[in-house]
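Trainee: Quick one: the structure is below, and I'll ask about it shortly.
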Amino acid sequence: MDLKKVIRTIPHWPKQEVMFRDVTTLLKDAKAFSYVIDTFYERYKNVPIDLVAGIESRGFILGGAIAHRLHKGFIPIRKEGKLPHKTEKESYELEYGRATVEVHIDAIQEGSKVLLVDDLIATAGTLIASINLIEKLGGGVVECAVIIELPDLNGREKIEGKGHKLFSLVQFEGK
């Protein structure tokens, strides 16, 4: 399936020169969404994974569906201030700002193997911050899985430079 046909591009959002890749059009397309979840399921069904972690907000949608399909628990990695219990935090730079993510301190047990899911990788800031959170809690990241990769922003190199693997379904050139 050509996923590029079902992903909307919004020029100059949230700032000038950024080509925002919007997966909401993919999510509303039942065939495309099923294809994405089926593809991730086939990749990970025989991989030893204890938990699936999804990054707010579109990573929740994907991660929840993948966790359900794999019969694994789901861990939300949220923006700062959104979780009600004690949390571990990690700040990072975005391609257009700064942010902090957090996870409950009891979300991941020592030695847990975690599949980390988000909709897109650009500069890898969010994924690296999330990897750091998982590792602070004693877990290990099996792989990072995304729908969209923006290779011109070198996120893959940053993930692999930390010794982790990245799997993406589609690549878009440019910002």
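Trainee: Could you compute the FRET efficiency for Asp38 and Lys165, with r as their C-beta to C-beta distance and R0 at 25 Å, rounded to 0.05?
Mentor: On the way: r = 20 Å, r/R0 = 0.81.
Efficiency for this residue pair is about 0.80.
Trainee: Shifting gears a bit: Would you mind classifying segment 27-116 by shape? Square roots of the alpha carbon gyration tensor eigenvalues, ordered a ≥ b ≥ c; an a/c under 1.5 is rounded, otherwise it is prolate if a/b is larger than b/c and oblate if not. Please report the intermediate quantities before stating the final value.
Mentor: Values: a/c = 2.23, a/b = 1.35, b/c = 1.65.
Oblate, since a/c reaches 1.5 and b/c is not below a/b.
Trainee: Next up: Net charge around Leu166, counting only other residues with Cβ within less than 9 Å of its Cβ (Lys, Arg = +1; Asp, Glu = -1)? Mind showing how you got there, number by number?
Mentor: Numbers: positive: Arg156, Lys165; negative: Glu143, Glu149, Glu160.
Charge balance in the 9 Å sphere: -1.
Trainee: With 22 Å as the limit, write out which pairs from Lys4/Lys28; Lys82/Lys113; Lys72/Lys165; Lys15/Lys86; Lys45/Lys79 have Cα-Cα distances beyond it, or answer none.
Mentor: Listed pairs above 22 Å: Lys82/Lys113; Lys15/Lys86; Lys45/Lys79.
Trainee: Modelled label-to-label distance, Asp22 and Glu93, 7 Å Cα→beta-carbon offset: nm?
Mentor: 2.9
Trainee: Give me the net charge of Phe60's neighbourhood, meaning all other residues with Cβ under 13 Å from the Cβ of Phe60; Lys, Arg count +1, Asp, Glu -1.
Mentor: Neighbour charge sum, excluding Phe60 itself: +1.
Trainee: Kindly work out what percent of the DSSP beta bridges joining two residues of the chain are antiparallel, to the nearest 5. All intermediate terms of the calculation are to be shown ahead of the outcome.
Mentor: Working: 14 of 36 bridges.
If we restrict to bridges inside the chain, about 40 percent are antiparallel.
Trainee: A further question follows. Taking the Cβ of Tyr41 as the centre, find all other residues whose Cβ is under 13 Å away and add up their charges (Lys, Arg: +1; Asp, Glu: -1). Write down the numbers at each step before the final one.
Mentor: Details: positive: Arg43, Lys45, Arg69, Lys72; negative: Asp38, Glu42.
Overall, the nearby charge balance is +2.
Trainee: Let me ask you something else. Let me know the shape class of the chain, please: from the alpha-carbon gyration tensor, a ≥ b ≥ c as square roots of the eigenvalues, rounded when a/c is under 1.5, otherwise prolate if a/b is greater than b/c, or oblate. Present the calculation step by step, with values, prior to reporting the outcome.
Mentor: Numbers: a/c = 1.62, a/b = 1.20, b/c = 1.35.
Note, shape of the chain comes out oblate.
Only the coordinates and a few stated rules stand behind these numbers; no lab work does. Bear in mind that the values here come from a model prediction, so they are computed numbers and not experimental data. Note: ideal-geometry Cβ built from the backbone for every residue, glycine included; neighbour counts use all protein chains shown.
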